[in-house]
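Accompanying notes for the structure given below.
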Amino acid sequence: MPRPTAPVAGATAAAAATARPAPPGTEAPAQPPEQTSKQPPTAPPPSPSPGPAAGAARNEPHARYARLQAAASEMASSLARSEPETQPKAPAASSRELTSNPPAASQPAAGQPCQAPAPEARVGRVVSVSGAQAVALLESEAAEGQGQSCGLEIGKLVTMRTETSVVFGLVAGLSIPVPSQDPTQPEVRVVELELLGETQINERGRRLSFQRGITSFPSLGDSVFHATQEDLGIVFASQDANNVRVGSIHQDRRLPACVAVDDLLGKHFAMLGTTGSGKSCAVALILRQILQEHQNGHVVLLDPHNEYHRAFGEMAELIDPGTLELPFWLFNFEEFVEVVLGRKSSPDAIEASILNELIPIAKRQFLGDAEDHRYVTADTPVPYRFNYLIQLIDEIIGKLEKPEDLGPYMRLKARLKALQADSRFSFMFGSVALRDNMSQIISRIFRIPVQGRPITIIDLSGVPSEILNVVVSVLCRMTFDFAIWSDRALPILFVCEEAHRYAPQNPSLGFEPTKRAMSRIAKEGRKYGVSLCVITQRPSELDSDILSQCNTIFALRMSNSKDQEFVRSTLSESAEGLMYFLPLLRTAEAIAVGEGVPVPVRICFDELPREYRPLSGTAPFSHTWKVEKGDSAFIDAVVERWRRQQR
Ligand SMILES: Nc1ncnc2c1ncn2[C@@H]1O[C@H](COP(=O)(O)OP(=O)(O)OP(=O)(O)O)[C@@H](O)[C@H]1O
Ligand SMILES: [Mg+2]
């Protein structure tokens with residue numbers, strides 16, 4: 001498809017476009033709903049493509065729609081006599097709980113007779129269709145009013161009518177290929193459209209619910225209309241019980257922005273945006289909405305900055321540094337070596353091979369003679385006595401004849417003892433009596449049974465930074481392994497804040513097993529019922545494989561051009577135009593793309609009540625710097641906490 005030569009898609013154009021008045025179509029008064037999208041059982045399926053007569057009628061859209069409308073109203077009056085009206089469901093009470101916006105002014109129009117669009121809603125005609133793209137020329141008033149707005153802007157939806165459907169297009173580009181020097185002269189104005197989906201019109205002239213994909217394409221010369229509120233209602237205000245409201249649509253704030261829970265969670269989602277753009281609030285909002293409707297959920301949220309503890313109130317089980325328990329024997333060999341020997345060691349180092357040999361011996365000793373030991377390796381999550389491991393090293397030291405061989409054993413023993421004594425590692429080595437409490441640990445982390453708390457918030461702020469990656473690796477791996485060994489019985493959502501730290505694109509950063517564990521969830525989790533939510537301020541630093549597996553993306557404000565470019569490259573072409581908005585989005589606004597939302601759309605998240613907001617507010621410099629807070633008791637308390645490593 002030829003691209004227009006003077007595109008105005010982009011930040012400047014978008015900024016200019018947002019200042020324009022709303023298109024007339026979106027301000028149309030709401031039509032009262034007559035019927036839900038449910039098709040009567042006797043209705044035959046709609047024909048997927050127009051019949052031969054359709055071609056002749058293509059250049060007469062108004063005549064065609066007049067006919068359709070006449071048929072539809074006839075059908076409507078006969079149905080009104082024979083069928084009871086089905087009222088659409090009111091939005092769930094919990095969906096409104098967090099909502100500060102006015103309620104939706106209209107309900108979905110799926111199931112209503114297909115109305116012919118008002119003539120003033122017409123903006124132009126189709127002049128090119130190729131695959132999922134179309135180009136329209138603006139006509140009549142939209143084009144005549146030189147220097148005036150056509151009411152279209154990037155990201156808005158328009159409709160095109162075919163014989164059997166209403167096709168929805170997203171404005172992806174606006175341009176005047178040959179601008180005139182004289183503003184009074186007519187100019188050719190071009191609109192690039194991405195075709196997103198359609199609502200089919202059944203044989204009784206009623207509109208069915210919105211579907212992605214196109215079965216009946218618009219043809220050359222077909223009219224293009226502003227999407228009316230009724231059109232938008234069909235797309236966005238779906239009555240599906242699996243949908244939860246998270247905000248409103250930017251194009252028409254009266255319409256709710258909903259996410260489809262199964263589609264959102266089933267195939268992973270990402271929350272991307274610069275610092276302070278509203279990612280944590282959005283995640284808290286989405287999870288609250290989902291968990292209010294699905295009280296037996298299983299969510300594990302990694303909280304590296306201890307900011308989420310108040311976001312979920314009674315719904316959350318909090319695991320803080322004082323109550324975190326991840327015994328050393330739950331770590332696999334690679335993870336344990338990373339903790340003990342650190343980044344610089346290689347798995348081939350002498351110390352690592354000593355551990356590889358001794359750990360299975362220690363595990364077998366714990367299991368006793370009665371057990372079959374064949375399955376035990378250095379990776380098996382079986383308890384063993386840490387002191388017994390040190391004792392085994394001592395025994396070898398006692399038997400060594402050459403003093404020069406002592407080095408690795410002495411170093412290893414010293415390191416193990418240092419870890420055991422370090423209070424920061426008490427979550428690994430703190431338990432005095434060794435017991436096999438793996439079931440209890442799993443039960444607590446994955447909320448089985450739920451007991452009214454479907455989400456576990458793991459506060460990682462107390463975990464020493466040098467092993468934070470290893471701890472995340474253990475949690476990621478445990479989540480996936482649990483899903484495998486539980487035979488997919490319980491779908492789990494794993495939410496990872498600051499994901500670029502654990503799964504960086506740069507292979508020389510981070511800890512390879514963590515990235516591998518997260519990648520595995522991203523690639524195979526869907527089949528095992530493990531869903532991933534990645535949150536990051538630096539999408540370009542996150543492993544691109546992981547991001548590309550996220551089927552729903554919420555892109556909030558993003559100022560870094562590398563990040564913007566990266567996000568654009570991972571998205572389908574249909575959302576590309578919308579991505580030019582990224583630097584201009586306000587806090588708590590996002591471009592939502594993918595399977596969790598009906599079409600790529602700019603949404604405004606609902607306001608999260610102050611008491612549920614993650615503790616991530618910007619430091620109040622101007623306020624705090626007005627009062628003296630420098631007494632010695634304050635500093636003493638800080639020093640004490642610092643030394644004890646207790647916040
Ligand atoms: N949906 C919302 N409702 C109410 N306030 C919001 C919302 N979204 C953002 N905010 C406001 O913006 C501030 C920053 O939001 P948030 O902490 O979610 O940003 P962030 O993108 O997670 O930042 P960071 O990357 O630094 O963690 C919040 O403290 C809150 O005041
Ligand atoms: Mg945040």
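The values are calculated or read from the model by the stated rules, or taken from the named source; none is laboratory data. The structure presented is a predicted model; accordingly, all values stated were derived computationally and were not measured. All Cβ positions, glycine included, derive from the backbone under ideal geometry; neighbour counts span all protein chains shown.
Report yes if some residue within the range 322-332 is over 30 Å from V382 (Cβ atoms) and either within 16 Å of ligand 2 (Cβ to nearest atom) or of a type in the set (S, T, Y) (or both); otherwise report no.
So far as the range 322-332 goes, no, none of its residues is over 30 Å from V382 (Cβ atoms) and either within 16 Å of ligand 2 (Cβ to nearest atom) or of a type in the set (S, T, Y) (or both).
Is there any pair with a first residue in the range 565-592 that is within 22 Å of V246 (Cα to Cα) and crowded, with 23+ Cβ neighbours inside 10 Å and a second that is at pLDDT below 80 and polar (S, T, N, Q) whose Cβ atoms are under 9 Å apart and which are 6 or more apart or on different chains, and what are they?
F581/T18
Any idea how many residues of the range 307-340 are farther than 23 Å from L434 by Cβ and part of a helix (DSSP H, G or I)?
Residues that pass the stated criteria total 3.
Quick one: which helices (runs of 4 or more DSSP H) lie wholly within the range 496-570 and hold at least 1 residues that are more than 16 Å from ligand 1 (Cβ to nearest atom)?
Helices (runs of 4 or more DSSP H) meeting the threshold: 512-528, 544-548, 561-570.
Would you pick out the residues in the range 546-573 that are over 20 Å from L170 (Cβ atoms) and out of contact with any helix residue (DSSP H, G or I) (no Cβ under 6 Å at 6 or more places or on another chain)?
C550, R557, N560, S561, E565
From the list V224, V178, V246, pick out the single residue that is at pLDDT below 90 and of a type outside the set (K, R).
The match here is V178.
Quick one: how many residues across the range 220-262 are closer than 26 Å to V530 by Cβ and surrounded by fewer than 23 Cβ atoms within 10 Å (Cβ to Cβ)?
6
Name every residue in the range 277-306 that is within 17 Å of Q451 (Cβ to Cβ) and either outside the structural domain of M518 (by TED's automatic domain parsing) or small (G, A, S) (or both), in order of residue number.
Within the range 277-306, just G297 meets the criteria.
Please tell me if C281 is outside any loop (DSSP other than H, G, I, E, B) and within 16 Å of ligand 2 (Cβ to nearest atom).
In short, yes.
Quick check on my filter: what residues within the range 240-281 are farther than 25 Å from S561 by Cα, within 16 Å of ligand 1 (Cβ to nearest atom) and more than 13 Å from the chain's Cα centre (by Cα)?
V244, R245, G247, S248, I249, R253, P256, A257
I'm checking my understanding of the structure. Among residues of the range 259-278 that are part of a strand (DSSP E or B) and within 23 Å of G313 (Cα to Cα), which one is nearest to ligand 2 (Cβ to nearest atom)?
Once the filter is applied, the top-ranked residue is M271.
If you go through the range 374-389 one residue at a time, do you hit one that is modelled with pLDDT under 90, polar (S, T, N, Q) and within 30 Å of M271 (Cα to Cα)?
no
Do you know which of the residues in the range 349-382 that are assigned to a helix (DSSP H, G or I) and basic (K, R) is farthest from the chain's Cα centre (by Cα)?
R364
From the list L556, L493, which one is within 15 Å of the chain's Cα centre (by Cα), modelled with pLDDT of 90 or more, over 30 Å from Y580 (Cα atoms) and surrounded by 21 or more Cβ atoms within 10 Å (Cβ to Cβ)?
L493
So in the range 167-188, with the set limited to residues that are more than 28 Å from A555 (Cβ to Cβ) and touching a helix residue (DSSP H, G or I) at 6+ places or on another chain (Cβ under 9 Å), which one is surrounded by the fewest Cβ atoms within 10 Å (Cβ to Cβ)?
Out of the qualifying residues, it is P186.
Run down S238, S223 and say which single residue is within 13 Å of V126 (Cα to Cα) and not hydrophobic (A, V, I, L, M, F, W, C).
Going through S238, S223 in turn, the sole match is S223.
Residues in the range 284-301: is at least one near ligand 1 (Cβ under 9 Å from one of its atoms), in a helix (DSSP H, G or I) and either farther than 26 Å from L571 by Cα or touching a residue at least 60 places away in the same chain (Cβ under 8 Å) (or both)?
Yes: the range 284-301 contains one or more residues that are near ligand 1 (Cβ under 9 Å from one of its atoms), in a helix (DSSP H, G or I) and either farther than 26 Å from L571 by Cα or touching a residue at least 60 places away in the same chain (Cβ under 8 Å) (or both).
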